[in-house]
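Data first, discussion second: the structure below is written as C-alpha cells.
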Amino acid sequence: MIVGFIGAGKMARALASGLVRGGVITAGRLICSSRTEKSGGPFLNLLPGAKWTSDNEALVTESDLVILAIKPQVFSEVLPTLREGSAGKLFLSLAAGVTLEKIAGWLHSTARVVRAMPNTPMQIGAGASAYAGGAMVTEADYDLVQGILSAAGKAWRVEEEQMDAITALSGSGPAYVFHFIDALTKGGVALGLPEKLAYDLALQTVLGSAELAAGSKLAPLELAAQVKSPRGTTLAGCAVLEEHDALEKLMAKCLAAAKTRAEELAGEKN
Ligand SMILES: NC(=O)c1ccc[n+]([C@@H]2O[C@H](COP(=O)([O-])OP(=O)(O)OC[C@H]3O[C@@H](n4cnc5c(N)ncnc54)[C@H](OP(=O)(O)O)[C@@H]3O)[C@@H](O)[C@H]2O)c1
C-alpha cells in the first residue's frame, strides 16, 4: 500500500511518523506533496525514504490512500484538480469543518471519503481522533482508517453530526488543558512559589492525574473524592471549583463557543 499526504505540515508529519513508528508502513511507501520543496523538507528529514512531489494529481494516481492534510481554506482550490484521478480511491481528510458532502462534491463520484478530527498530541503518538465516513465507504476502509489513526494515538468511529461537538472537545481540547496548566502554575506563583517549580509541579500533576484516571475503574469525581479528606485542603480548594458548578459551567460555555465556531466554519464556503 502507498499512502500519499497532500500537505506536508504538522499533522501530516505527526500521522506519518506514527505510521512508521507503529510498524504500519515503511517510510518508502509514503509520498507527500506541498507547493514548495522547502516545506516538504521536514517531512523527508523525519522519514528518510519517503518521497516528495509538488504534483498533487500524480500523488493521487500513485497512492492507494490519500490523506488530505492541507488547511481547510485551500480545499476548494486543490480538490477539484484531483477529480479525475480520485475515481475509486480512498481519501482521509484531517481538515476541521470541511464536510463529507463538500469533499465528495469536489471529487469523483466513486471516490470514498472519510473525515477525521485529530488533535495535536498526535505529534507524540498520543492523539485523540474521531472519524466518520460517507456512503461509499466500506467496512474494510473503516478498518484501514482505524488502524492508521490508532498508529498515532486512539481513534473512535462516530457519526458525522457529532463532528462539531468533537472538534470542540478533543480537537480544541489540548489548548484548554494547556490553559489549565498555565493557570495552575500562575496560582502557585501567586502563593509565592518560584515559577519553574510551580510549572514543573503543575505539569506533573496533570500528567500523573490523567494517567491515574486512565488506569482506574473509578470515575473522575470518585477519584477526586478520594483526595478530599474531611476538613482537608483539597476539599477547601474544590469547594471553590464546585461553587455554583463554576468549573462545569465554564467548560460548558467554552465547548459551546468552540462548537458554534465549528458550525460556522462548516457553513462557510471553503
Ligand atoms: N494543527 C492542529 O491542531 C490540527 C488539529 C486537527 C486538525 N488539523 C487539520 O489538519 C490540517 C493540516 O493542518 P497543519 O496544522 O498540519 O497545517 P500546516 O502545518 O500549515 O501544513 C499545511 C501543509 O499544506 C501544504 N500546502 C498548502 N497548499 C498546498 C497545495 N495547494 N498543495 C499541496 N500542499 C499544500 C503546505 O505547504 P506549502 O505552503 O509549501 O504548499 C504545508 O505543508 C488542517 O486541515 C487542519 O484543519 C489540524
If you check 127, 133, which single one turns out to be in the same structural domain as residue 104 (by TED's automatic domain parsing), buried (at least 19 other Cβ atoms within 10 Å of the Cβ) and touching a Gly at 6+ places or on another chain (Cβ under 7 Å)? 127
Restricting to segment 155-185, name every residue that is closer than 22 Å to residue 99 by Cα and either out of contact with any helix residue (DSSP H, G or I) (no Cβ under 8 Å at 6 or more places or on another chain) or small (Gly, Ala, Ser) (or both). 155, 156, 159, 161, 162, 165, 166, 168, 170, 171, 172, 173
Lone unmet requirement of (1) closer than 27 Å to residue 261 by Cα; (2) hydrophobic (A, V, I, L, M, F, W, C); (3) crowded, with 16+ Cβ neighbours inside 10 Å; (4) touching a strand residue (DSSP E or B) at 6+ places or on another chain (Cβ under 8 Å) for residue 168: (4)
Among the residues of segment 164-175, are any among the small types (Gly, Ala, Ser), at negative phi and in a loop (DSSP other than H, G, I, E, B)? yes
Is it the case that residue 109 is assigned to a loop (DSSP other than H, G, I, E, B), closer than 28 Å to residue 85 by Cα and either at pLDDT 95 or above or out of contact with any strand residue (DSSP E or B) (no Cβ under 8 Å at 6 or more places or on another chain) (or both)? yes
Boolean, residue 159 is over 23 Å from residue 64 (Cα atoms), more than 13 Å from the chain's Cα centre (by Cα) and not assigned by TED's automatic domain parsing to the domain that holds residue 259: yes
Would you tally the residues in segment 258-270 being surrounded by 11 or more Cβ atoms within 10 Å (Cβ to Cβ) and part of a helix (DSSP H, G or I)? 9
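The values are calculated or read from the model by the stated rules, or taken from the named source; none is laboratory data. These numbers were taken from a predicted model, which means no experiment stands behind them. For neighbour counting, all protein chains shown are included, and Cβ atoms are generated from backbone atoms with ideal geometry for every residue, glycine included.
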